[in-house]
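To start, the structure under review is shown below, and the notes come after it.
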């Protein structure tokens, strides 16, 4: 059942991205969707941590990611366009409550992909982040600002 759900979701994404209903494109899209679904289901079955691959959660996560991406792009653009360049760069240590390495990896990559932050290292339950404009010295406040809603969805 998981294979069918993933295949359908990926096939719909393929159609949305190609914007084509040509039979060759649909055939290739269907085959690619099934292949990726097969690999994902195989990985899930062999994963000891049983990381959840819920398509609805993934769509929600993508929406939150793009919202944060747009907001951080605007913030970085404001900083760059300001002649005085009001920044306070630094490396901050944030704490995560995520329980699997896979979820920590997704969080770290999401933080890196949003402008103004780069994940430097993951060490146990902490991430070391280079932040373009450090606004607080408090680890809990910095964690809330940087992680945003990412961690809530991944938990």
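The values are calculated or read from the model by the stated rules, or taken from the named source; none is laboratory data. This structure is a prediction, so every number in the text was calculated from the model and none was measured. Cβ atoms come from the backbone with ideal geometry, glycine included; neighbour counts cover every protein chain shown.
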- Could you pull out the residue among 74, 146 that is farther than 30 Å from residue 5 by Cβ and over 15 Å from the mean Cα position of the chain (by Cα)? 74
- Out of 87, 111, report the one residue that is closer than 19 Å to residue 144 by Cβ and surrounded by 12 or more Cβ atoms within 10 Å (Cβ to Cβ). 111
- Kindly indicate whether residue 96 is touching a helix residue (DSSP H, G or I) at 6+ places or on another chain (Cβ under 8 Å) and free of Cβ contacts under 8 Å to residues at least 40 places away in the same chain. no
- Residue satisfying all of: in the range 114-128; in contact (Cβ under 8 Å) with a residue 40 or more places away in the chain and more than 14 Å from residue 88 (Cβ to Cβ); surrounded by the fewest Cβ atoms within 10 Å (Cβ to Cβ) among these: 115
- Query: Taking only pairs six or more apart or across chains, which ones have beta-carbon atoms under 6 Å, a first residue in the range 129-141 that is without any contact (Cβ under 8 Å) to a residue 12 or more places away in the chain, and a second residue that is surrounded by 14 or more Cβ atoms within 10 Å (Cβ to Cβ)?
  - Reply: 136/142
- Message: Being in a helix (DSSP H, G or I), modelled with pLDDT of 85 or more and in the same structural domain as residue 149 (by TED's automatic domain parsing) narrows it down to one residue among 28, 76, 32; which is it?
- Response: 76
- Task: Would you check which residues across the range 97-155 are more than 30 Å from residue 82 (Cα to Cα), part of a helix (DSSP H, G or I) and out of contact with any strand residue (DSSP E or B) (no Cβ under 9 Å at 6 or more places or on another chain) and list them?
- Result: 102, 103, 106, 151, 152, 153, 154
- Message: All but one of (1) within 24 Å of residue 9 (Cα to Cα); (2) without any contact (Cβ under 8 Å) to a residue 40 or more places away in the chain; (3) exposed (fewer than 13 other Cβ atoms within 10 Å of the Cβ); (4) within 16 Å of the chain's Cα centre (by Cα) hold for residue 45; state the number of the condition that does not hold.
- Response: (4)
